[in-house]
Amino acid sequence: MDSTHTALSDTRRRAAVIFIFVTVLLDMLAFGIVIPVLPHLIEQLAGGGIARAAWWVGVFSTVFAVVQFAFSPVQGALSDRFGRRPVILISNLGLAIDFVILALAPTLWLLFVSRALLGMTAASFTTANAYIADITPKEKRAAAYGMLGGAFGLGFIV
């Protein structure tokens with residue numbers, strides 16, 4: 001009975017690590033996709049050439065980073081209260097909503113709101129790290145964090 005429980009626990013932990021790996025991979029993949037696309041999208045919406053678009057990209061990036069910085073502790077508190085998985089799933093939903101708005105945004109302000117929304121929900125990397133710490137035994141934690149780093153790098157490269 002005890003070995004069955006341990007095998008079930010290992011299977012669940014493996015599934016959770018794969019879930020976190022895919023989440024971080026998608027987050028970084030999305031980040032890597034937006035970097036080259038956002039300036040051209042802003043140029044189309046704002047007009048004024050690439051120099052003006054570059055300025056707006058700077059504004060968007062700054063707002064994204066500030067909002068992400070502000071909401072990272074909020075996501076941490078929410079994940080402590082409601083669990084890591086629901087918070088990460090809501091973060092993934094925020095990413096999906098952002099990409100839909102990026103694809104359909106007719107105005108610059110809507111694109112701006114979308115990036116701010118993503119900043120609120122994109123603080124999932126800290127929650128993913130906490131989730132790994134929660135589900136991984138101490139002796140396997142370094143390997144799990146290494147895999148998380150691999151997902152980060154692979155997603156950004158792809």
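The values are calculated or read from the model by the stated rules, or taken from the named source; none is laboratory data. Everything numeric in this text was worked out from a predicted model, so none of it was measured. Please note: Cβ atoms are built from the backbone with ideal geometry, for glycine as well, and neighbour counts cover all protein chains shown.
Brief remarks on what is shown
- Some residue of the stretch 67-86 being hydrophobic (A, V, I, L, M, F, W, C), within 12 Å of the chain's Cα centre (by Cα) and assigned to a helix (DSSP H, G or I): no
- Number of the condition not met by residue 11 [criteria: (1) more than 30 Å from residue 138 (Cβ to Cβ); (2) surrounded by fewer than 16 Cβ atoms within 10 Å (Cβ to Cβ); (3) among the β-branched types (Val, Ile, Thr)]: (1)
- Any hit, the stretch 123-146, residues being within 19 Å of residue 16 (Cα to Cα), hydrophobic (A, V, I, L, M, F, W, C) and not in a helix (DSSP H, G or I): yes
- As a summary of the residue check, residue 91 satisfies the conditions (1) modelled with pLDDT of 85 or more; (2) closer than 17 Å to residue 134 by Cα; (3) among the hydroxyl-bearing types (Ser, Thr, Tyr) except for the one numbered (2).
- Qualifying residue in the stretch 97-109 (condition: in a helix (DSSP H, G or I), closer than 22 Å to residue 131 by Cα and under 12 Å from the mean Cα position of the chain (by Cα)): no
- Meets criteria (at pLDDT 90 or above and farther than 14 Å from residue 121 by Cβ) for residue 81: yes
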